[in-house]
Structures are given as structure tokens and as C-alpha cells.
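Please read the structure below before turning to the comments.
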């Protein structure tokens, strides 16, 4: 069998150097994932290498709650039926900021703006940057939103608040207030209600559940890391998740 150049271009749509990088990925599922995402996201070779190096495949697979993954496995939904829970990852890895051991929230924000292209890549598809330190006045008090984005598929504003320490109920209350204000004053009539994301060093699973569940606005919390994740730990966790999903699939077949 012979192929002409047009056939080869359709089969190998990425630059040749991208396929050289993909050869370093031993897992076939991960390699296919990176190829599809690179094509869909229009990644450069540098961006592809960064995603491979930061274990993007493993982190994406593990960023969703395992119980929720099992519960949703039996329910098919349209590709476009994206929810905030699907769009927001946890954790986010920000190793490209090269921050020192001690830094302020202002340092973190400035570093994210300086490396905005890398931050958008880490946030995922659909995010567009709107602004930083967006001011809002409530009664006689001025507040500032750290970062403001718009998500094209969710059709809503995404407010990001940066916290160096652990998540607190006060952080949740403040973000809820921001979302209420943004819904009334910043959102356009055809847009969905804003989503609030508190990006913190430690969200605390129990506190996050009790503080975030049941709110009228969609307020979420996610951890961030300024160093690359441990490869072996991610691989082990991913293998556990795979076994859980396979067992669930077998159980469903046997129950029919």
C-alpha cells in the first residue's frame, strides 16, 4: 500500500516534531489522548511537551471525583453538555511560574498574568481572559476580583480568587457575594450565571463539601501546586481508578 502526501497529511496532522514528543509517551491511551488534545487545542510543540511533562493525562483522569465518575458512567450525555464540574480541574499545576518558597498573593497573581498563555493552557479549553483586579463597589466598600475569565462553552463569567493558605468559610461567602454582584452588573442577558473558583493551597475536602454544597451560585474550590506532581503516585492512583471503572462496568453487564 502506498500513500501520497495528502493522505499522509491527513493521517499525521501534527508537526513531525510533535510525533517525536508523543513517542516518549509509553501508554497508548495517554498517547492518543495527547494527540487528540493537541489537535483540538492547537497546541504548539512546546505546549505539548509541557502537558506531557506535567502529567496532564493522569491529572485529567484523576481530577474528577471517582464516585461521580462511576455514577455518570451509565449515563450518556451530549458532547456539548458541559457543566462547571467538567470544566474545572483539581488540582492545577503552576510549576511554570517558578515562584520562590515565599511569595504573596500579589506575587502569584502577577506571575499568572506574566505567564498568561501557560495559565490558559493549564485552565483548559474554552477560557478567555477578561481582566485582573476588577473593581466592584457594594454600599460604601470597594472590593477587587483577582482574575476574571469567560468560558465560551459554559457561556458564563468565571471569577477566580487566589488564596495562599487553606480555604475558609469567609472565602466562600465573599466569592458568593462576587457571583451575585457579577450576575447583576457584569453578565449579559444571554449569558449563564457566573461561576466562582477559589484557587487555594489546600481546600480541605470536608470543609469544601460543607461550605460549597447547596449554594444558589456555583462556587467551587480547587488546589494549586507550584511543583510538578509525583509521577509514580499519579500512575498508581490512575491504575486504582481504572480497576474501579472496569469492575463497575463488569457489574453493570452482569446485572442485565
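The values are calculated or read from the model by the stated rules, or taken from the named source; none is laboratory data. Keep in mind the model is a prediction, meaning the values are calculated, not measured. Here the Cβ is made from the backbone with ideal geometry for all residues, glycine too, and neighbour counts use every protein chain on show.
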Taking the condition at pLDDT below 60 and more than 21 Å from residue 225 (Cβ to Cβ), does residue 78 pass?
-> yes
Extreme residue, farthest from residue 235 (Cα to Cα), among residues of the stretch 34-46 that are touching a residue at least 24 places away in the same chain (Cβ under 8 Å) and buried (at least 18 other Cβ atoms within 10 Å of the Cβ) | 43
Please indicate, with yes or no, whether at least one residue in the stretch 181-200 is closer than 21 Å to residue 59 by Cα and free of Cβ contacts under 8 Å to residues at least 40 places away in the same chain.
-> yes
Could you tell me whether the stretch 107-115 includes any residue that is at pLDDT below 85 and either under 23 Å from residue 218 (Cβ atoms) or under 16 Å from the mean Cα position of the chain (by Cα) (or both)?
-> no
Residues (at pLDDT below 85 and not in a loop (DSSP other than H, G, I, E, B)) located in the stretch 9-27 = 9, 10, 11, 16
Verdict on residue 216 being surrounded by fewer than 16 Cβ atoms within 10 Å (Cβ to Cβ), at pLDDT below 90 and not in a helix (DSSP H, G or I) | yes
If you go through the stretch 150-161 one residue at a time, do you hit one that is more than 21 Å from residue 83 (Cα to Cα) and touching a residue at least 60 places away in the same chain (Cβ under 8 Å)?
-> no
Residues in the stretch 100-129 that are farther than 21 Å from residue 200 by Cβ and touching a strand residue (DSSP E or B) at 6+ places or on another chain (Cβ under 7 Å): how many?
-> 2
Looking across the stretch 91-145 at residues that are touching a helix residue (DSSP H, G or I) at 6+ places or on another chain (Cβ under 6 Å) and part of a helix (DSSP H, G or I), the single one that is surrounded by the most Cβ atoms within 10 Å (Cβ to Cβ) is 112
